[in-house]
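First up is the structure itself, then whatever we jot down about it.
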Amino acid sequence: MMKIKGAKYAKNFIITALIAVICAIFGGLCFDGGVSARAASSEEDRFAYGNSQITVTADTDKVLRVEENLTVGFIKESANLVRAVGGKMRSLTRWGNLTVKGRSYLARISDITAEVDGVPAEARTEESNGPNQHIDVRCPQEKFKKWTRENQLYYNIKLCYIWDLSDDEDGDDILYIGLFKHYYSRWFYYGGDENNTAKLTYKIILPEIPEEQTALYYGKSRTDGLKADGRELTAEVSFRSAGEYSLRAYMPSGTFDTSAEYYPYYWFFAGAVGLVIIFGAVIMFIYRGKRPLAPVEYEPPIINPLHFSAFWHGYARRRDACTLILQWAVLGCVKIKKDGKRDIIVTKLKDLPEGRTFAEYRYFSALFDDGDVYRSKDMRGMKNRYSRNRIRRASTALAEEAGSPVTRAKGTETAKCIVMFSSLVALLVSCVYFLYIAGDIMFMIFLVAVVFVFCIFARMYPLMLEMRKKRRAYKGWYNFTYLLSSLVILPPAGMLLIVISAHYMPVYDYIHIMLISVVWIFFCLYASPNIIAKRTEEAQKTYAKMLGFKKFLKSVKVAEMELMLENNPNYYLDVLPYCMIMGLSKKLDKKTEFLSAPDWADGFDGATFASSMFGSIRSGLVTRGKKERK
């Protein structure tokens, strides 16, 4: 195996750097430059609220008419007042007696009017996909004057607007309003007394309902300061704790007539993502690995063990090269002794006979270069790393010389490439849609980043595929490139989700296509290679015989196995290597528990010979990487 110098440190550095970048972005998006609400009278804030009142009139279409009478003092002179109103909303719905959170939806503000001390003022807002929408009230004069302890200058600001919650598709029986929940509240202490803080009075006028039906009103988990009088619900809380409260009115089912309003061209983009996924699914279905009809077979195909491994697993596993030791033992060339729980001692009795391949001779010599006895215990530690590497290289050469038969049908590898690349197209379609509905430079940057990632992946995948074909020889490189390709895709996807969650609102219509696209990418990267496994006609026939032999081991009785061994004494040792490759060692032990261990195996229990032998030589012979050895 080719050793990658510094690969371990590079991998750790990449992972650490990516975590740091993601944390920095997340912190930058979530950090708000505002000060704590408790420091309302400090010079850091522009304004703070005094005693205020908000009246909300709800219609059955869940369109709320809001009138705010705010008492505001400006800690610093300002030309405008910025009033934040919830934009990112979360629906509440009922399942029996339980109240659960539903999907997210977007609230809209319209028809804004404003007065400052009875004088009409300019007010405007920009609809946003973010967690808050901001109403900007301009001062009728040049600036709002500064509040001081001497002048105690408050402004009475009246806001009237429509707060549209009609997209709350799940909440046709609950009215849910947060009290200053989506932004920082700043307030005044009256008379310097921290217990005498500014109060917020909420008055909600509910739609008419039949007299025989009642509604249950309450504020989060506490009901202090809450009053209900017919259709009117009144709550008084201090600004200091307003963020901890929410008002809910449970209404009869179907009180509100709500429905989701999808963004323009939503179904066009959703359909595009769906077509990409359907296309990939069709390719996977066409090139899927089929389980053939498998009649009962009394023995597996007797072929080169590494070819057998390729037919069974789809590729020749280097770890299966150790089954050659069993063939050498049958020929009388070696003797195997169990050494403890997992270690073995292999003793050379004679050289391999003529007719064996060069790589097999090399593998045999590598085991006994230091003498006629190979001890797996001696292979541990840095001192013997050169011997380990020599044996690994020899087993790699053995696997390469044997070659892997063509087990996959023509076009299978191409189908894998098409499916993986098409999954990236789904993500690009989602990003284009975000760009369309957001119109923000940040999404343009991320779109370019995703395209950049796509290009990197396109350049990297041929190398990764080549390493996959030669994974026995370059397993370290293959694992490193596969890890790197995954890490290249993870940061943009993670950052996109963070941006959408923190900067924009994950409205349930368009967030779904993003999540589906990301899930589809990872499914195509990690699951589709196992699904797209169509075999050639010859490989399918060979695989059918293997399954037939597996079926035979499941159904054969011990008495029948005894009779077969009487007719063919070599049957057990002939099928033993192939049972090990297929993972049928334990099944074989159950059928042959009456046998004793062969003469060339010392210290092995006959009742568990196959499973204990395979476990011992697999961990005792250096045919795999360090992480795979036990």
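The values are calculated or read from the model by the stated rules, or taken from the named source; none is laboratory data. It should be emphasised that the depicted structure is a prediction, and the values quoted were computed from it without experimental measurement. Quick reminder, even Gly has a Cβ in these numbers, built from the backbone with ideal geometry, and neighbours come from all protein chains shown.
Here F552 fits the description: within 21 Å of P301 (Cβ to Cβ), in the same structural domain as G332 (by TED's automatic domain parsing) and among the aromatic types (F, W, Y). Go through the range 79-116 and give me each residue that's more than 28 Å from the chain's Cα centre (by Cα), small (G, A, S) and in a strand (DSSP E or B). The answer is A84, G86, S110, A114. All of G332, G280, G289 fail the test of being of a type outside the set (A, V, I, L, M), at pLDDT 85 or above and under 27 Å from A601 (Cβ atoms), apart from G332.
Of the residues making up the range 133-162, those that are under 10 Å from E115 (Cα atoms) and either assigned to a loop (DSSP other than H, G, I, E, B) or touching a Lys or Arg at 6+ places or on another chain (Cβ under 7 Å) (or both) are V137, C139, P140, L159. Per the listing G583, G603, G615, the residue uniquely on the phi > 0 side of the Ramachandran plot, of a type in the set (G, A, S) and surrounded by 14 or more Cβ atoms within 10 Å (Cβ to Cβ) is G603. Of all residues in the range 148-185, those satisfying the criterion of being at pLDDT 80 or above, surrounded by 16 or more Cβ atoms within 10 Å (Cβ to Cβ) and either of a type in the set (S, T, Y) or touching a His at 6+ places or on another chain (Cβ under 8 Å) (or both) are Y154, Y155, Y161, S166, Y176. Looking at the range 195-206, can you tell me whether even one residue there is at pLDDT 65 or above, more than 46 Å from the chain's Cα centre (by Cα), within 25 Å of N151 (Cβ to Cβ) and not polar (S, T, N, Q)? Within the range 195-206, not a single residue is at pLDDT 65 or above, more than 46 Å from the chain's Cα centre (by Cα), within 25 Å of N151 (Cβ to Cβ) and not polar (S, T, N, Q). Inclusion of D343 among residues that are surrounded by fewer than 16 Cβ atoms within 10 Å (Cβ to Cβ), acidic (D, E) and on the phi < 0 side of the Ramachandran plot is not warranted. With the condition kept exactly as written, say whether any residue in the range 117-136 is over 42 Å from the mean Cα position of the chain (by Cα), more than 24 Å from A242 (Cα to Cα) and surrounded by 17 or more Cβ atoms within 10 Å (Cβ to Cβ). Looking for residues that are over 42 Å from the mean Cα position of the chain (by Cα), more than 24 Å from A242 (Cα to Cα) and surrounded by 17 or more Cβ atoms within 10 Å (Cβ to Cβ), one finds at least one in the range 117-136, hence yes.
When we screen R38, R46, R83 for residues that are modelled with pLDDT under 55, out of contact with any Leu (no Cβ under 6 Å at 6 or more places or on another chain), within 18 Å of F180 (Cα to Cα) and among the charged types (D, E, K, R), the only hit is R38.
Against the definition (at pLDDT 75 or above, part of a loop (DSSP other than H, G, I, E, B), among the hydroxyl-bearing types (S, T, Y) and not assigned by TED's automatic domain parsing to the domain that holds G314), how does Y262 come out, yes or no? Spelling it out, it is not the case that Y262 is at pLDDT 75 or above, part of a loop (DSSP other than H, G, I, E, B), among the hydroxyl-bearing types (S, T, Y) and not assigned by TED's automatic domain parsing to the domain that holds G314.
Pairing each residue of the range 403-415 that is not assigned by TED's automatic domain parsing to the domain that holds A321 and modelled with pLDDT of 85 or more with any residue that is in a helix (DSSP H, G or I) and surrounded by 19 or more Cβ atoms within 10 Å (Cβ to Cβ), provided the two are 6+ apart or on different chains, yields C-beta distances under 8 Å for A415/I283; A415/M284.
When restricted to residues that are at pLDDT 75 or above and more than 14 Å from L428 (Cα to Cα), the range 503-524 contains 3.
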